[in-house]
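Trainee: My structure is below; once you've seen it, I'll send some questions.
The values are calculated or read from the model by the stated rules, or taken from the named source; none is laboratory data. If you're wondering where the values come from, they're calculated on a predicted model, not measured in any experiment. Please note: Cβ atoms are built from the backbone with ideal geometry, for glycine as well, and neighbour counts cover all protein chains shown.
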Amino acid sequence: MRNAGVAALLSVECVGFYSEKNCNLLGKFVAITLDRITALFGKRSFPALGVDLGASSVRLVGLNKDFSGALSVNACLSERLQSGWVVSGNIENFKEVADAMNRLVVKSSARTKDIVMALPTAAVVTRRVKVPRDLAAEDFQAQVEAEVGQYLPWSIEEASIDYHLVASASDLPEVEVLVAAARRDMVEERASL
């Protein structure tokens, strides 16, 4: 099942470091990642918050665009998490992690609820698949799901899937599609934080 907005959740790579000194670097990394998401999956609105949830802390970067279109960091915050709250990318203590994220959002003084968040790399399946070019929209989506379904360690009904057409020559009978999939319950859990 294609899930709107899953692309942003599935496409951000985690940043494994944080300090006041590298806050600007972290902000630039998130900005570059957001630009890549925009190029792949459509228009991104700003301001935006980028969140990285790790085993020991949750990190937040606030980004804004000025009138020239340049991105700037307007918040860079981190809060430590107690051991065991997040284990191997799985949230074990949902309430405490959600409270920590809410505290960071409040501290950031953000005027947006547009948040880009990562999933652990091990929780995401990405593949490039080929699909016949001339299919109707609903048939195209069904074919993409069937193609990626063979690579999933869970059933297609349990998956959140998003895809993007990769540029291909118009004279070829097939198009290449970049597909990202994750377990629906993990995506919904992160989205509900």
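Trainee: For the list (1) modelled with pLDDT of 80 or more; (2) under 20 Å from the mean Cα position of the chain (by Cα); (3) among the basic types (K, R), I need the number of the one condition that K113 fails.
Mentor: Of the numbered conditions (1) modelled with pLDDT of 80 or more; (2) under 20 Å from the mean Cα position of the chain (by Cα); (3) among the basic types (K, R), the odd one out for K113 is (1).
Trainee: Quick check, is D52 among the acidic types (D, E), crowded, with 19+ Cβ neighbours inside 10 Å and under 21 Å from the mean Cα position of the chain (by Cα)?
Mentor: Working: among the acidic types (D, E): yes; crowded, with 19+ Cβ neighbours inside 10 Å: yes; under 21 Å from the mean Cα position of the chain (by Cα): yes.
When the stated conditions are applied, D52 passes them.
Trainee: Moving on to the next point. Report those strands (runs of 3 or more DSSP E) wholly inside the range 78-193 carrying at least 3 residues which are under 28 Å from V51 (Cβ atoms) and small (G, A, S).
Mentor: Values: elements: 115-117, 124-132, 159-166, 174-183.
Per the criteria, 174-183.
Trainee: Can you tell which of N64, N22 is surrounded by 13 or more Cβ atoms within 10 Å (Cβ to Cβ), at pLDDT below 80 and within 19 Å of the chain's Cα centre (by Cα)?
Mentor: Working: N22 fails: within 19 Å of the chain's Cα centre (by Cα).
Step by step, each of N64, N22 is checked, and only N64 is surrounded by 13 or more Cβ atoms within 10 Å (Cβ to Cβ), at pLDDT below 80 and within 19 Å of the chain's Cα centre (by Cα).
Trainee: Right, E96: under 21 Å from the mean Cα position of the chain (by Cα) and either under 28 Å from V175 (Cβ atoms) or without any contact (Cβ under 8 Å) to a residue 24 or more places away in the chain (or both) or not?
Mentor: Values: under 21 Å from the mean Cα position of the chain (by Cα): no; either under 28 Å from V175 (Cβ atoms) or without any contact (Cβ under 8 Å) to a residue 24 or more places away in the chain (or both): yes.
When the stated conditions are applied, E96 does not pass them.
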